[in-house]
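Chemist: Just dropping this structure here.
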Amino acid sequence: MGKMKRKTALIFGITGQDGSYLAELLLKKNYIIHGVKRRSSSANTERIDHIFDSFNFSNKNFFIHYGDISDGTSTLNIINKIKPNEIYNLAAQSHVRVSFDIPEYTADITALGALRILEAIKILKLKKTKYYQASSSEMYGLVKNRKSLNEKTPFHPRSVYGISKVFAYHATVHYREAYGIFASNGILFNHESPRRGPTFVTKKIVQGLVRIKKGLQKKLSLGNLYAVRDWGHAKDYAVSMWKILQHKKPDDWVIATNKDQTVKKFVDLVARKLDIKIIWKGKGIKEKGIDKKTGKVIVDVDSKHFRPTEVDFLRGDFSKARRNLKWKPAISTNDLINDMIEEELSVY
Ligand code: NAP
Ligand code: F7E
């Protein structure tokens with residue numbers, strides 16, 4: 001039998017949470033990986049240092065290139081140099097709250113960045129290159145009734161982040177229809193991990209409560225405690241990205257757990273595992289979580305974390321992916337929280 005040619009993947013957003021899990025997965029699958037990293041004053045490679053020799057800036061199966069998806073020519077140059085089998089666009093200004101402060105920048109990276117990559121594939125006539133777009137449940141935004149959302153549910157984004165993701169979603173569908181590019185959307189619901197950025201709510205809660213437990217912090221200040229989210233593990237979701245590009249035809253896929261929780265419930269679950277019992281008192285902005293043992297306020301609400309428009313409810317129906325991709329989440333919320341707590345405890 002002849003030697004199989006190894007596949008090449010190009011990952012935009014390699015230094016992020018998902019980029020690191022996807023790189024691990026693809027290395028196991030014997031891919032050659034190219035990652036695009038934007039220049040920053042510090043290394044910012046913590047999430048990939050264990051699989052990448054950051055001192056020599058290479059590894060025989062893993063290469064990093066400087067680039068930025070706000071820069072169309074360098075993006076096109078990198079794609080032309082590598083001519084990858086698969087491109088994963090995970091790069092974004094990914095924080096919803098921050099998109100209210102820097103909307104124009106968010107649209108440039110999160111919306112136009114995707115367009116720049118798709119346009120490069122088209123210009124270079126890369127007929128064999130497949131494209132994955134990191135679409136998001138934030139596209140659904142304002143949800144009319146609290147039912148699980150699927151590929152047919154209409155979008156009503158509630159932030160420039162969500163609007164930008166809707167643009168990138170439609171650009172992906174459009175380049176598929178207009179130019180025959182194998183371009184697919186993974187509509188991923190929230191996914192978390194020990195590598196989640198510290199200002200997303202799950203990581204903030206785990207970090208805050210572990211530090212409170214260790215006496216390093218007095219209080220955790222949060223925003224809307226009643227938002228409902230469908231939280232999966234990023235490691236499971238990386239598998240779905242790969243499966244989406246291995247499917248026989250390009251398509252759009254909801255990836256979720258179909259289970260939901262409020263932010264407050266997430267706080268209670270983490271606290272319980274740390275042997276902290278929280279008594280909740282008050283309402284609205286005055287609501288407080290009190291440590292039963294010490295009587296001290298350890299959780300409060302700060303309006304600075306509110307968003308001008310909120311996405312109140314998200315829960316995803318992933319039956320299409322279950323049926324056609326044979327994908328389902330393997331890690332429960334309980335195990336996700338255990339994983340996040342264990343890592344956080346090892347930091348201090
Ligand atoms: P993340 O941790 O914020 O990672 C984002 C990545 O994009 C980082 O590597 C970041 O680089 C990079 N990036 C930002 N601006 C860039 C630019 N101008 N040029 C090139 N790269 C740039 O996000 P994540 O949680 O891994 O999410 C991955 C993707 O999925 C994002 O597109 C996100 O919007 C989307 N998504 C996430 C979720 C979720 O729940 N996690 C759900 C649905 C969709 P730096 O390290 O230099 O900042
Ligand atoms: O907020 C509420 C907040 O910032 C979750 C991104 O990965 O998932 C993520 O977006 C909920 C919201 O994630 C705080 O109002 C309360 O209702 O962790 P988050 P997100 O906005 O859902 C989607 C799918 C993406 O695509 C995005 O890239 O929690 N909340 N108190 C808080 N949120 C934060 N960040 N901080 C708080 O103190």
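Chemist: Going through Y140, Y161 one at a time, which residue ends up being among the aromatic types (F, W, Y), within 13 Å of the chain's Cα centre (by Cα) and either within 16 Å of ligand 1 (Cβ to nearest atom) or farther than 23 Å from I87 by Cβ (or both)? Reasoning before the result, please.
Modeler: Numbers: Y140 fails: within 13 Å of the chain's Cα centre (by Cα).
Selected residue: Y161, the only one of Y140, Y161 that is among the aromatic types (F, W, Y), within 13 Å of the chain's Cα centre (by Cα) and either within 16 Å of ligand 1 (Cβ to nearest atom) or farther than 23 Å from I87 by Cβ (or both).
Chemist: Here is a further query. Identify the single condition in (1) touching a helix residue (DSSP H, G or I) at 6+ places or on another chain (Cβ under 9 Å); (2) without any contact (Cβ under 8 Å) to a residue 60 or more places away in the chain; (3) part of a loop (DSSP other than H, G, I, E, B); (4) not small (G, A, S) that D108 does not satisfy, given that it satisfies every other one.
Modeler: So D108 meets the others, but not (3).
Chemist: Mind checking which pairs have a first residue in region 279-292 that is more than 15 Å from K304 (Cα to Cα) and a second that is of a type in the set (F, W, Y), Cβ under 6 Å, 6 or more apart or different chains?
Modeler: G289/W280
Chemist: In region 186-197, is there at least one residue being surrounded by 18 or more Cβ atoms within 10 Å (Cβ to Cβ) and more than 29 Å from V347 (Cβ to Cβ)? Talk me through it step by step, then tell me what you get.
Modeler: Keep residues of region 186-197 that are surrounded by 18 or more Cβ atoms within 10 Å (Cβ to Cβ), which gives 186-196.
Now narrow it down to the ones that are more than 29 Å from V347 (Cβ to Cβ): 186-187.
Checked region 186-197: at least one residue is surrounded by 18 or more Cβ atoms within 10 Å (Cβ to Cβ) and more than 29 Å from V347 (Cβ to Cβ).
Chemist: Follow-up. Checking the conditions here, which among K320, K277, K304 is of a type in the set (K, R), surrounded by 11 or more Cβ atoms within 10 Å (Cβ to Cβ) and under 24 Å from the mean Cα position of the chain (by Cα)?
Modeler: Working: K277 fails: under 24 Å from the mean Cα position of the chain (by Cα); K304 fails: surrounded by 11 or more Cβ atoms within 10 Å (Cβ to Cβ).
Result of the check over K320, K277, K304: K320.
Chemist: So, of the residues in region 238-269 that are more than 14 Å from A227 (Cα to Cα) and aromatic (F, W, Y), which turns out to be surrounded by the fewest Cβ atoms within 10 Å (Cβ to Cβ)? Don't jump to the end; show me each part of the working.
Modeler: Taking region 238-269 and keeping what is more than 14 Å from A227 (Cα to Cα), we get 238-258, 268-269.
Remaining after also requiring aromatic (F, W, Y): 242, 253.
Values: W242: 19, W253: 23.
Filtering region 238-269 for residues that are more than 14 Å from A227 (Cα to Cα) and aromatic (F, W, Y), the one surrounded by the fewest Cβ atoms within 10 Å (Cβ to Cβ) comes out as W242.
Chemist: Is there a residue being away from ligand 2 (no atom under 16 Å from the Cβ), of a type in the set (G, A, S) and in a loop (DSSP other than H, G, I, E, B) anywhere in region 72-84?
Modeler: Of all residues in region 72-84, those away from ligand 2 (no atom under 16 Å from the Cβ) come to 72-84.
Now narrow it down to the ones that are of a type in the set (G, A, S): 72, 74.
From what is left, the residues that are in a loop (DSSP other than H, G, I, E, B) are none.
No, that holds for no residue.
Values quoted throughout were computed directly from the atomic coordinates according to the rules given, and no laboratory measurement underlies them. Every value quoted in this text rests on a predicted model; they were computed, and no experiment measured them. Every residue, glycine as well, gets a Cβ built from its backbone with ideal geometry; the counts of neighbours run over all protein chains shown.
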